[in-house]
Amino acid sequence: MPRQRKRTKRSVHHATLKKNDHHSKTTAVNGEWKVRNIAALQAMGRSAGGFVNNDMRRKIWPLLLYCDRLPEKPSPLYTELDTHKDEGQVELDIIRSFNTYPQDINDAKKQELRSQLTGVITHVLRSHPKLHYYQGFHDIASIFLLLFGEKDAGILMENVSLFFIRDAMLDSLDPILREITMIDTIVQQQDPKLHLHMTESCVLPYYCLSWIITWFSHDIDDVSKIARLFDLFLSSNPLMPLYVAAALVLSRRKLVLAQPVDDPSMIHTLLTKVPKNINVEMLIQRALVLEKEYPPFELQQMSSVGLDQESSVNTYKEMWLEMAIRNKEEQEDEKNPWMVNMRQKANDILAMPGNERTPIPIDPKHQVIYPSSSSSSSSYRQRLLEKMRQVYTQDPMLWTTVLLSAGVVTFAIATDQFGLVREWLSSI
């Protein structure tokens, strides 16, 4: 009994300290919000606890997206705009939404949320017709809807689409293929043994595709954890989801190494599932360390995989961080010339044919060599990327299955083609 009392006192003390920490953080965040200090708020979004709670997020996220002075209503109303070509696919995805979260809602409320989500996505697509909808966009939009309601969520998602996830909303998902290929570089550099095990088992980075393009909102069912990750993503370079993905893979080292190397299905299935008890704060802190060790530009060089110069990753500083200075001095609304100019520039990038977007130059001096051989790891990544490109351009059925998070293994089983898929994987 004495031991039980002692643990209880310690638990109460810990809870009190945690409550005090949250109160101090909330006070600090609120103070920076009042003076519109975006740089300080971005730092807080990346620090432990993020923006603490949803009440604070309703203040901070609009400011981080330069939409803190939201208009009374969008102008023009999306119902007055032309229909977007992807609205049919949107409806198919809406049917599958809100089945995991929020919990404990009845069918009537679920249908209401789905109707509102349709409004949010339709507003974004019709306002920016050059955006290409992708399966998973609705997952991100769902979180904004739950926190802000239909009207404000639609406005906020415009800038999320134009400046953070633009690479996934081009006429091709090739930029995303290049991005997920770079996770191989981080794993190789951080944990050669784990990398060798994954390479020998022929596991492709498809396992992280859903994490990247949905900001983990498709794979985690706890809204508070998703919102905490969104604090980080809205405060960071658009490549940050990749660093979080790498941190998650590295954290599962023991489980991956325990899987047989001759069965890629086991490792692929293990990696695609985010643990329900995932410690998001620990994941974020490791991701920040990885970002510091392998900054976006340097990571592209090390991987010998250049994202386009027009990528949201490579234009983050000139098109986004610059607005932090402007936003502190000017009213960022639909009439502000700086915001209008940046949105037009983003839309111009969306309108560019893929062959006109130019990858950043790769310096051969940054080429990484495998410690155990004289071969370049970049050549492996190039073969990896080319194989994924082949799937994307030649096998829409497989690619669609992957996008739905079913993965390579499910496709193989469903089509009774496991031998062919395994041969394809091993050919890399």
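The values are calculated or read from the model by the stated rules, or taken from the named source; none is laboratory data. Quick caveat: nothing in here was measured; it's all calculated off a predicted structure. We place every Cβ from the backbone using ideal geometry, glycine too, and count neighbours over all the protein chains shown. These area figures cover heavy atoms from the full protein model, side chains too; ligands, DNA and RNA do not enter into them. Shrake-Rupley method; radii C 1.70, N 1.55, O 1.52, S 1.80 Å.
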Once you have all Cα-Cα distances for segment 130-216, histogram them in 10 Å bins from zero and send the whole-percent values. 15, 40, 24, 16, 4
For segment 112-253, with every protein chain kept in place, what is the accessible area per residue (1.4 Å probe, Å²)? 20
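If we sort 79-91, 48-60, 145-157 on the protection proxy, mean other Cβ atoms within 10 Å, highest first, what's the order? Present the calculation step by step, with values, prior to reporting the outcome.
Working: 79-91: 13.6, 48-60: 18.7, 145-157: 21.2.
Ranked from most to least packed, the peptides come out as 145-157, 48-60, 79-91.
Highest mean first, what order results for 204-215, 126-137 on Cβ atoms within 10 Å?
Working: 204-215: 24.1, 126-137: 20.2.
So the order, starting with the most tightly packed, is 204-215, 126-137.
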Arranged from highest to lowest average of other beta-carbon atoms within 10 Å per residue, in what order do the peptides 114-121, 381-388 appear? 114-121, 381-388
